[in-house]
1. Scanning the range 220-254 for residues that are of a type in the set (Lys, Arg) and at pLDDT below 95, which turns out most open to solvent (accessible area, probe 1.4 Å)?
2. Taking Val117, is it open to solvent by less than 30 Å² (accessible area, probe 1.4 Å) and among the hydrophobic types (A, V, I, L, M, F, W, C)?
3. Does Gly214 qualify as being on the phi > 0 side of the Ramachandran plot and either open to solvent by 20 Å² or more (accessible area, probe 1.4 Å) or in contact (Cβ under 8 Å) with a residue 24 or more places away in the chain (or both)?
4. Which count do you get for residues in the range 150-174 that are open to solvent by less than 30 Å² (accessible area, probe 1.4 Å), of a type outside the set (Asp, Glu) and under 17 Å from Pro120 (Cβ atoms)?
5. Could you tell me which of the residues Trp200, Trp189 is surrounded by 19 or more Cβ atoms within 10 Å (Cβ to Cβ) and either in a strand (DSSP E or B) or hydrophobic (A, V, I, L, M, F, W, C) (or both)?
6. Of the conditions (1) free of Cβ contacts under 8 Å to residues at least 60 places away in the same chain; (2) under 15 Å from Leu121 (Cβ atoms), Ala195 satisfies every one except a single condition; which number is it?
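The values are calculated or read from the model by the stated rules, or taken from the named source; none is laboratory data. The shown structure was predicted, so the numbers you read here are calculated from the model rather than taken from an experiment. Cβ placement follows ideal geometry from the backbone for every residue including glycine, while neighbour counts extend to all protein chains displayed. Only protein heavy atoms, including side chains, enter the accessible area calculation; ligands, DNA and RNA are left aside. Shrake-Rupley method; radii C 1.70, N 1.55, O 1.52, S 1.80 Å.
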Amino acid sequence: MSTSDDSDPIAPEDIESRLRALGEDLAVPPGPPPADLARAVRARLEDGRAHGGRAGDRTRRRAAWRPSPRVAAAAVAVLMAVLLGATPQGRAAVVSVLRFAGVEIHVGGAGPLPTGVPSPLPGERRVTLEEARRTARFPVAVPSALGAPADVRVADGGRVVTLLWPGVRLDEFDGTLSVVWRKELGEPWPDQVGAVGGWWIQQPHGASYMPSAGGAPQEARVAGPTLIWQHKLVGLRLEGPDRDEAVRIALSVR
């Protein structure tokens, strides 16, 4: 039977996977609430101090006390959090996910920004605004603050309508059920915008399209600062203006 040398160093990238595997193997039966558990541990420690720490007592206490699976699982969770925060590999693995109005935002652990020329959306074609309204699966709205768009595109069988002005892009899509866009962000977390009930992403980030037919996300492109909000049942993402101008434009959508 082969053996391994326990003294071999563990690579930082292996820490998370080993801790997760250990946590999955721990069966945690129902137990007292965390507050009750903390009081029990404190009482045990105070009892030890009351006995003066004699060697015989310490030996008997070590023999009598064994960590329950619940305590062991808690210890693994705490250790995992410390190790993940202490290494660059660990910090990169901690990702928070926000799903809103058909957009899935991953915050933390983002890699380098995408490069290259972005490809068009599936089935994307140039149309008139009237044709887009006939083709789309939702009511297409135009912000009065911008007026008539200079260019209109419809894609993925009417799932997405893109309105374009110089330096401004507005994507409209069904934002009720499925994820349409996926965004990969580093820190910081997006800002909530109460005026439109949406989220403002201030930094450039990778944005991928999730095809309605399923499968892998479309190759990511670099998106600039973006406002995401929902108008009735329509999800919208506005890219190009600064935050104040984006909110002004969003409020003019009818």
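1. Arg254
2. Working: open to solvent by less than 30 Å² (accessible area, probe 1.4 Å): no; among the hydrophobic types (A, V, I, L, M, F, W, C): yes.
Considered against the rule, which asks whether it is open to solvent by less than 30 Å² (accessible area, probe 1.4 Å) and among the hydrophobic types (A, V, I, L, M, F, W, C), Val117 comes out as no.
3. Values: on the phi > 0 side of the Ramachandran plot: yes; either open to solvent by 20 Å² or more (accessible area, probe 1.4 Å) or in contact (Cβ under 8 Å) with a residue 24 or more places away in the chain (or both): yes.
Taking the combined requirement at face value, the residue satisfies it.
4. Here the count works out to 11.
5. The match here is Trp200.
6. Evaluating Ala195 over (1) free of Cβ contacts under 8 Å to residues at least 60 places away in the same chain; (2) under 15 Å from Leu121 (Cβ atoms) leaves (2) as the failure.
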